[in-house]
Every structure is written in C-alpha cells, then in structure tokens.
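What follows is a single structure, written as structure tokens, with notes after it.
Every number here is computed from the coordinates shown, using simple stated rules; none is lab data. Remember, it's a predicted structure, so these values are computed and weren't measured experimentally. Cβ coordinates were reconstructed from backbone atoms using ideal geometry, including for glycine residues, and neighbour counts include every protein chain displayed.
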Amino acid sequence: QKEVEQNSGPLSVPEGAIASLNCTYSDQGSQSFFWYRQYSGKSPELIMFIYSNGDKEDGRFTAQLNKASQYVSLLIRDSQPSDSATYLCAVKKSDYKLSFGAGTTVTVRA
Amino acid sequence: SAVISQKPSRDICQRGTSLTIQCQVDSQVTMMFWYRQQPGQSLTLIATANQGSEATYESGFVIDKFPISRPNLTFSTLTVSNMSPEDSSIYLCSVDREGLYEQYFGPGTRLTVT
C-alpha cells in the first residue's frame, strides 16, 4: 500500500466548475497535510495546509480533513484556466518528512 | 514563508562528472530537505540535512553518490557524483523552520546528463 494515494487523473473541468481532488494516507500518526500546485517546469507551490479535522477555506480553495477515514481533499471553486496544473497531496509524518502522492493533473477548459 | 534560491537553475553535464547544487534561504531554518523529481514523476526525498549533524539518507540514496553539506542554518549543498543519464532530474531543496510547520520549495535545478 502506498503511503499517499491520490485519485487518478487527469481531471478535466469546465471553467467556473468545481474541481474535486482526493487523497488518502496510510500512516495514522500523520498530523499535517498539504496541497501543492505544480505548473509544468516549475517547483511545487504550497496552496493549502490543514492540521485539524474539518474544513479550511482560503479564497477559492477548500481543504477538508477526516483523520478517522485518513482522507484529505481539495476543492477548487470557480475553476479558472490558470488553475490548470498538477496538484500534489503531501502528508507529514511523525519524523517531519513529507510523503507525496503521485499527483493529479487538472485541466480547466475555457 | 521563506525565500529560497538555488544555483544553478539548470545544467547539462557529461556522464562521470559531478555537480554541486546550492540552496540558500533568507532566514534561519532548522530542517532542510533535498528531493528529486524524475520526468513525469512525483517528488522523492533524497535526504534530510540538519545543521550540526550528518545528513540522513532515504532508502536507495547513499552519501557517496549524493554528499550533502549543511554548514549553517541558511545554506546547504547537494552534490550529484559520478553522474549517469539516470540522474537527469529536477533537484529541489525545501525548508521547514522547526519541523513543525509548512515546507516550502526552492525553484529547483534541472539537470540533464548526456
């Protein structure tokens, strides 16, 4: 079982729609969870982090965490063409190291 | 967030040679990490570099191939030694102030080995 698994892509959504990205993790001791956005040829950019169960909203982005289900998600509302990128889910383990999922590529159709 | 720079941004090297990548942070950080991202893949952790101690390497990575220095709280280097085409990747450093916060990434070094 992989430490971090993301829903397979690519994900194509029309402009203005909601893009939903999912991630599950195997280490029950994980405490913090991150979503990075990576444009082609660029380094990962941190867009959301969440530590507690529930929802966390930042602009058009909402991160949701359910530790009991070992599940974290990212919603992108009112998707824009500029949101087209690969989204990486990362989980911080007790040794402070990040474990990354394989990434989900999102394409927003104008 | 920290401002992180890496040098060089890209390089083309011949097999058998070595390249040293520098990572500079604008503030003191406890933990620095080096990652590799092979074409079309996600990020793989190479090693953790904490100031004042030896770097700790992940499975599959060894010090002879990827020696790391961490002379102070704002700087680290990663050397890719005796390179082969399989080492062609993007190498990224990241920082985490106390291990308790978010990790931020540098712009990366794109390495091509011919």
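So here's what we get for this one:
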quantity	calculated
Neighbour-count order for B:MET83, B:MET32, fewest beta carbons within 10 angstrom listed first	B:MET83, B:MET32
Geometric extent, Cα atoms of chain B - Rg, Dmax (angstrom)	13.2, 40
Kirkwood-type radius of chain A, with distances r between different C-alpha atoms, in Å	13.9 Å
Set of lysines with alpha-carbon distance to B:LYS7 below 17 Å, sequence-local pairs under 8 removed	A:LYS42
Distance-filtered residues of the range B:9-38 - backbone nitrogen under 20 Å, label point 7 angstrom along B:ASN82 Cα→Cβ	B:13-21
Scattering curve values for the protein assembly as shown, log₁₀ I(q)/I(0), Debye with Cα scatterers, q = 0.17 Å⁻¹	-1.22
Likely footprinting exposure, A:TYR71, A:TYR87, fewest C-beta neighbours within 10 Å first	A:TYR71, A:TYR87
Contour excess over end-to-end distance, with Cα ends at B:SER18 and B:ILE63 and 0.36 nm allotted per residue	14.9 nm
Least to most buried among B:LEU19, A:LEU21 (fewest other Cβ within 10 Å first)	B:LEU19, A:LEU21
Theoretical FRET efficiency, 1/(1+(r/R0)^6), r = Cβ-Cβ of A:GLU5 and A:THR107, R0 30 Å, to 0.05	0.90
